[in-house]
Amino acid sequence: MTQPDTATISTSALDVTAPATTHAELATARPVTAKHAMVVTAQHLATQVGVDILKRGGNAVDATVAVGYALAVVHPCCGNIGGGGFMVLHLAPSENQGMDKGEDKGLANGMDKGKTVFLDFREKAPLKATPTLFQDAEGNVVKGRSTDTYLGVGVPGTVMGLNTALQTYGTMSRKEVMAPAIKLARDGFVLTQGDINILHTRSQDFAKYPNVAAIFLNHGKPYEVGDRLVQPQLAHTLEQIAKDGSRAFYHGSIAQAVVKTSEKNGGLLSLKDFADYTVQWDKPITCGYHGYTVLSAPPPSSGGTTICQILQIIQPYPMGQWGYGSVNTLHTLVEAERRAFADRNTYLGDPAFVNNPIDELLSPKHIAKMRATIQPGKATPSSEIKGSLGPAEGQHTTHFSIVDAQGNAVSITFTINYLFGLGQIAGNTGFFLNNEMDDFTAKPGVPNSFGLVQGRINQIEPGKRPLSSMSPTIVLKDGKLFMVTGSPGGSTIISTTLESILNVVDFGMNMQQAVDAPRVHHQWYPDVVLVEPGLLTPATKSTLEKMGYAFKEVESWGADEAILVDQKTGLLDGANDRRRPAGLAAGY
Ligand code: GLY
């Protein structure tokens with residue numbers, strides 16, 4: 001792959017909506033604790049929907065589906081039915097009850113108890129898409145084509161993903177779990193400062209489209225705290241899905257409305273794209289770290305593979321002894337990230353189209369080779385790092401975590417790519433469409449909006465899923481549930497999720513501290529270390545700069561919504577990331 005001259009990470013893509021934590025706030029940060037069950041989401045009303053479902057006897061999957069649809073209403077930047085995502089589900093061991101209804105269906109048989117399964121409901125490229133879709137006649141990538149036009153819209157997967165999860169593992173009916181979302185859309189909900197922060201990021205774009213302005217502006221003006229956001233069109237769409245299931249979305253009037261608008265605006269989506277859409281069950285990527293088992297997303301996500309590579313590279317180093325934010329910790333972590341992202345961007349893509357060499361990427365031999373290239377006391381320029389297996393074969397997002405009273409756990413991340421995705425709504429459907437096609441390689445060596453410089457393996461092909469960084473993750477200790485974690489934030493999802501684990505396992509933080517602590521991120525290209533304010537002391541920064549590191553401070557990124565199980569008491573510690581003030585951890 002050619003190396004880029006320049007690459008940037010757009011801070012708008014990083015979804016900056018609230019500042020990171022100060023040291024004083026971090027010292028006193030405490031999680032919310034509950035005895036039986038816990039829900040943590042980026043919007044408090046969605047959290048409440050999940051808790052209500054669990055209290056009524058629903059299991060973690062019932063609550064997940066209810067929360068997923070509720071987030072489409074109360075967190076429209078990111079929660080969605082116009083995008084796609086991934087779910088990691090850990091099924092409680094057999095002594096626990098509560099997953100019985102699904103036992104005679106599909107994967108949900110007794111054999112699944114104690115297992116962890118993965119559901120891929122990532123968007124797919126339209127059948128008419130081509131590798132050079134975002135290039136002009138001279139082969140140059142046309143700025144904005146993948147993010148601001150209907151060519152950037154992938155076939156949405158969320159509706160089939162949520163409905164499939166419910167049908168396979170749920171105990172409640174679709175109508176029951178969707179009722180709260182429909183009510184929130186029809187009656188509206190009162191906007192808090194956290195909601196307003198997010199809405200205001202794209203108020204100017206809302207004004208461009210009358211059907212968007214009619215919903216997301218208040219008589220042409222941005223909404224303010226205390227206003228009520230009512231979404232009757234979305235309520236109608238959700239009612240159709242509640243009644244007719246995925247058919248309503250993929251074969252009925254909803255697909256027709258999206259295709260019609262796409263065609264009118266030069267897009268590629270067809271009714272066949274919707275009719276052909278499928279979701280996929282798979283096994284999570286698994287690795288060990290200091291006696292813990294990490295289970296995360298396999299391709300078409302890069303998340304699990306990259307997190308596991310980084311963990312394996314850093315495992316022999318005494319990170320805990322070195323301490324959070326120390327020179328040695330940051331040097332080791334950044335160098336591991338640099339190398340793992342080089343592999344990510346070179347070797348990973350949709351497994352339906354390409355061969356992902358996961359076993360080799362995670363083999364002890366390969367990891368040892370990567371580790372051996374880390375130079376003590378010195379940054380390795382990214383130009384000296386290549387995908388290390390040899391030539392390859394060829395924000396926006398939201399995360400939530402749920403644990404139910406039986407110990408079933410769901411880690412789910414879903415996205416429309418940018419905040420509010422394409423920023424456009426097809427006709428009267430009421431939901432934002434994604435611009436997920438930007439996650440593909442528009443041209444090898446040319447960065448996407450997250451600054452990721454990717455290879456041919458992730459080139460656009462008809463029906464292919466773009467490589468993602470979404471990393472819904474579950475951590476077990478001695479086979480028992482330990483942590484549920486994940487985040488939005490494009491490429492930074494990987495480091496954010498990873499750091500939430502390190503902060504607990506290596507640095508002894510509680511769950512709230514672990515998600516609030518200032519973050520660090522490196523992704524091979526651009527060759528710059530992103531840091532949140534408060535991570536680096538002046539002395540640490542100066543030492544690392546002398547070692548060859550360049551830093552870019554970004555106000556904040558990501559929103560890790562996580563749950564930790566106290567291994568002694570069994571109590572659940574929930575932590576809403578303080579970067580999402582609208583969010584909430586709540587349980588009972
Ligand atoms: N759209 C961001 C991701 O899936 O990585």
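The values are calculated or read from the model by the stated rules, or taken from the named source; none is laboratory data. Predicted, not measured: the structure shown is a model, and the values here were computed from it. Every residue, glycine among them, receives a Cβ derived from its backbone with ideal geometry; neighbour counts consider all protein chains shown. For accessibility, only protein heavy atoms count, side chains too; no ligands or nucleic acids. Shrake-Rupley method; radii C 1.70, N 1.55, O 1.52, S 1.80 Å.
Meeting the requirement of 2 or more residues that are among the β-branched types (Val, Ile, Thr) and at pLDDT 95 or above, the helices (runs of 4 or more DSSP H) wholly within the stretch 226-271 are 232-244, 253-264. Would you be able to say whether some residue in the stretch 533-540 is open to solvent by less than 10 Å² (accessible area, probe 1.4 Å) and in contact with a Phe, Trp or Tyr (Cβ under 8 Å, 6 or more places away or on another chain)? Scanning the stretch 533-540 turns up no residue that is open to solvent by less than 10 Å² (accessible area, probe 1.4 Å) and in contact with a Phe, Trp or Tyr (Cβ under 8 Å, 6 or more places away or on another chain). Selection over the stretch 122-141 of residues that are part of a loop (DSSP other than H, G, I, E, B) and within 26 Å of the chain's Cα centre (by Cα) gives a count of 10. Test of understanding: among Leu348, Leu330, which residue is farther than 30 Å from Leu571 by Cβ and within 16 Å of the ligand (Cβ to nearest atom)? None of the others qualify; the one that does is Leu348. Within the stretch 287-298, which residues are away from the ligand (no atom under 16 Å from the Cβ) and under 18 Å from the mean Cα position of the chain (by Cα)? Of everything in the stretch 287-298, those that are away from the ligand (no atom under 16 Å from the Cβ) and under 18 Å from the mean Cα position of the chain (by Cα) turn out to be Val294, Leu295.
When residues in the stretch 432-460 are screened for being acidic (Asp, Glu) and open to solvent by less than 10 Å² (accessible area, probe 1.4 Å), 1 of them pass.
Working only within the stretch 461-489, note down all residues that are under 30 Å from Lys143 (Cα atoms) and either surrounded by fewer than 24 Cβ atoms within 10 Å (Cβ to Cβ) or away from the ligand (no atom under 16 Å from the Cβ) (or both). Of everything in the stretch 461-489, those that are under 30 Å from Lys143 (Cα atoms) and either surrounded by fewer than 24 Cβ atoms within 10 Å (Cβ to Cβ) or away from the ligand (no atom under 16 Å from the Cβ) (or both) turn out to be Glu461, Pro462, Gly463, Lys464.
Only one entry in Ala185, Ala207, Ala213 is touching a helix residue (DSSP H, G or I) at 6+ places or on another chain (Cβ under 7 Å) and surrounded by 20 or more Cβ atoms within 10 Å (Cβ to Cβ), namely Ala185. Against the definition (at pLDDT 90 or above, of a type outside the set (A, V, I, L, M, F, W, C) and under 23 Å from Asn510 (Cα atoms)), how does Lys35 come out, yes or no? Spelling it out, Lys35 is indeed at pLDDT 90 or above, of a type outside the set (A, V, I, L, M, F, W, C) and under 23 Å from Asn510 (Cα atoms).
Please find, within the stretch 45-60, the residue that is surrounded by the fewest Cβ atoms within 10 Å (Cβ to Cβ) out of those that are over 18 Å from the mean Cα position of the chain (by Cα) and among the β-branched types (Val, Ile, Thr). The extreme case among them is Val51. Lys378 meets each of the listed conditions (1) at pLDDT 95 or above; (2) surrounded by fewer than 17 Cβ atoms within 10 Å (Cβ to Cβ); (3) within 29 Å of Val88 (Cβ to Cβ) apart from (3). Spot the failing condition for Leu119; the list is (1) open to solvent by less than 10 Å² (accessible area, probe 1.4 Å); (2) outside any strand (DSSP E or B); (3) within 30 Å of Val294 (Cα to Cα), and only one is missed. Result: Leu119 passes all but (2).
Selection of the stretch 143-162 for residues being crowded, with 24+ Cβ neighbours inside 10 Å and of a type in the set (S, T, N, Q) yields Ser146, Thr158. Based on this model, can you work out whether Leu419 counts as open to solvent by 10 Å² or more (accessible area, probe 1.4 Å) and within 25 Å of Gly50 (Cα to Cα)? Against the criterion (open to solvent by 10 Å² or more (accessible area, probe 1.4 Å) and within 25 Å of Gly50 (Cα to Cα)), Leu419 qualifies.
Residues that are within 16 Å of the ligand (Cβ to nearest atom) and either buried (at least 23 other Cβ atoms within 10 Å of the Cβ) or part of a helix (DSSP H, G or I) (or both): does the stretch 503-521 have at least one? So far as the stretch 503-521 goes, yes, one or more of its residues are within 16 Å of the ligand (Cβ to nearest atom) and either buried (at least 23 other Cβ atoms within 10 Å of the Cβ) or part of a helix (DSSP H, G or I) (or both).
Screening the stretch 401-458 for residues that are among the hydroxyl-bearing types (Ser, Thr, Tyr) and within 30 Å of Ala575 (Cα to Cα) and picking the one that is nearest to the ligand (Cβ to nearest atom) gives Thr415. Looking across the stretch 299-318 at every residue that is away from the ligand (no atom under 14 Å from the Cβ) and under 16 Å from Val475 (Cβ atoms), the one that is surrounded by the most Cβ atoms within 10 Å (Cβ to Cβ) is identified as Ile310.
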